[in-house]
1. Enumerate the lysines that residue 85 could reach by cross-link, defined here as Cα to Cα under 26 Å, with residues fewer than 8 away along the same chain left out.
2. Quick one: angle between helix 104-118 and the longest Cα principal axis of the chain, in degrees between 0 and 90, rounded to 10, please.
3. Residue by residue through region 59-72, what is 3J(HN,Hα) from phi via Karplus (6.51 cos²θ - 1.76 cosθ + 1.60, θ = phi - 60°)? Round to whole Hz and write x for glycine and proline.
4. Listed highest first by mean packing, meaning other Cβ atoms within 10 Å per residue, what order do 168-176, 23-31 come in?
5. Sort 112-122, 141-151 by the packing proxy (mean of other Cβ within 10 Å over each peptide's residues), most packed first.
6. Express in whole angstrom the spacing between the alpha-carbon centres of region 34-52 and region 55-114.
7. Please report the antiparallel percentage of DSSP beta bridges with both residues in the chain, rounded to the nearest 5.
8. Mind checking the full-extension length gain between residue 64 and residue 162? Use 0.36 nm per residue of separation minus the Cα-Cα distance, one decimal, nm.
Amino acid sequence: MSETMNQKILVTYATRTGSTSEVADVIAKTLQESGMLVDCMPIQKFPDLTSYHAVVIGSPIQNRKWLPEAVQFLQANRSVLSQKKVAMFTLCITLAMRNGEKYRTDISAWIAPVRTMLQPVSEGLFAGVLDIPKIPKFSDRLKFRLSVLFGVWSQGDHRDWNAINAWAHCLPAQLRQD
């Protein structure tokens, strides 16, 4: 059995509408194809981190921060995570705005509290999906409908699967045990 086969990785995520879980699945599949043992599960399943040598954690941005359950998971597991290689990925619909790339600095600031808890070996930042009917709160759905009407956003899947796959393909080398 090769050295990489003994390295177990957890890919865990928080999601509201399912798009982050789809990204997590692609990342997990890429890691498996590189010969690593991978478990992929939502953060709400409270995964025990002791059997993993590395963790990939993802969340969308909502109200300029990671989802509360993702942050709570990080806080609860901070000491264990500090002893493991960790990568993080974030989906943010702001990147799908007209001229969304100019907001990368702002988005990086929104993620900064997470980054300080993790000290990730790698960080992926990707546009998300705007599926208004799946947005839980009526007031948020209304805001997005108005924003779409005024041309700030467009509905649909804005994820760049080529960028996601490219980032995922770099992870095995970064997550391997030394």
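1. 8, 29, 45, 65
2. That works out to roughly 30 degrees.
3. Computed from phi, the couplings for region 59-72 are 7, x, 8, 9, 6, 6, 7, 4, 4, x, 5, 5, 5, 4 Hz.
4. Descending packing order for the listed peptides: 23-31, 168-176.
5. On the way: 112-122: 15.1, 141-151: 12.6.
Going by the mean number of other Cβ atoms within 10 Å, highest first, we get 112-122, 141-151.
6. Taking the Cα centre of region 55-114 as reference, the centre of region 34-52 is 18 Å away.
7. Approximately 15 percent, going by the DSSP bridge assignments.
8. Gain on stretching residue 64 to residue 162: 32.8 nm.
Coordinate-derived values only; no laboratory data. Since the model is a prediction, treat every value here as computed from it, not as a measurement. Don't worry about glycine lacking a Cβ; one is built from the backbone with ideal geometry, like all the others, and counts go over all protein chains shown.
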